[in-house]
Amino acid sequence: QVQLVESGGGLVQAGGSLRLSCAASGSIFSINAMGWYRQAPGKQRELVAHITSGGSTNYRDSVKGRFTISMDNAKNTVYLQMNRLKPEDTAVYYCNAQGIYYYTRDDFDFWGQGTQVTVSS
């Protein structure tokens, strides 16, 4: 009923940049918040950045000053601009969306398929 399609991952050298995109579609009444999480091999999934529909953001400390999250409410799309990438940023990045179904007005919480980000040294 709700689909999240991610794009923008890839291989980049340390110090480079990537921009991730995640578009939510389906029977959506509203999006309350969207976020980016990542999971490296052998580690738990962790929050990277989060943004509410009102524009409030938060970031994990290790990406502050390097990553920027933004959201286009009209398109139900969230972006993650990643600058000055480091090898420690290597992980699968997952998009998350929280909102309300159009027809039932039930809450939803969906995850994207994940996109690989690899930063070489």
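The values are calculated or read from the model by the stated rules, or taken from the named source; none is laboratory data. As the structure is a prediction and not an experimental result, all values here were calculated from the model. With ideal geometry, Cβ positions are generated from the backbone for all residues, glycine too; neighbour counts draw on all protein chains shown. Areas reflect the complete protein model, heavy atoms only, side chains present, ligands, DNA and RNA absent. Shrake-Rupley method; radii C 1.70, N 1.55, O 1.52, S 1.80 Å.
Output yes when any residue across the stretch 58-74 is polar (S, T, N, Q), open to solvent by less than 20 Å² (accessible area, probe 1.4 Å) and over 19 Å from D107 (Cβ atoms), and no when none is.
Looking for residues that are polar (S, T, N, Q), open to solvent by less than 20 Å² (accessible area, probe 1.4 Å) and over 19 Å from D107 (Cβ atoms), one finds none in the stretch 58-74, hence no.
Failed condition for A24, given (1) assigned to a loop (DSSP other than H, G, I, E, B); (2) within 26 Å of Q1 (Cβ to Cβ); (3) within 17 Å of the chain's Cα centre (by Cα), with all others met?
Result: A24 passes all but (1).
Given the structure, is G16 free of Cβ contacts under 8 Å to residues at least 12 places away in the same chain and either over 22 Å from D109 (Cβ atoms) or within 12 Å of the chain's Cα centre (by Cα) (or both)?
Spelling it out, it is not the case that G16 is free of Cβ contacts under 8 Å to residues at least 12 places away in the same chain and either over 22 Å from D109 (Cβ atoms) or within 12 Å of the chain's Cα centre (by Cα) (or both).
Any idea how many residues of the stretch 15-57 are open to solvent by 50 Å² or more (accessible area, probe 1.4 Å) and among the polar types (S, T, N, Q)?
8
Take residues that are in contact (Cβ under 8 Å) with a residue 40 or more places away in the chain and in contact with a Lys or Arg (Cβ under 9 Å, 6 or more places away or on another chain) and tell me which of the strands (runs of 3 or more DSSP E) falling wholly in the stretch 73-117 contain 1 or more.
77-82, 91-101
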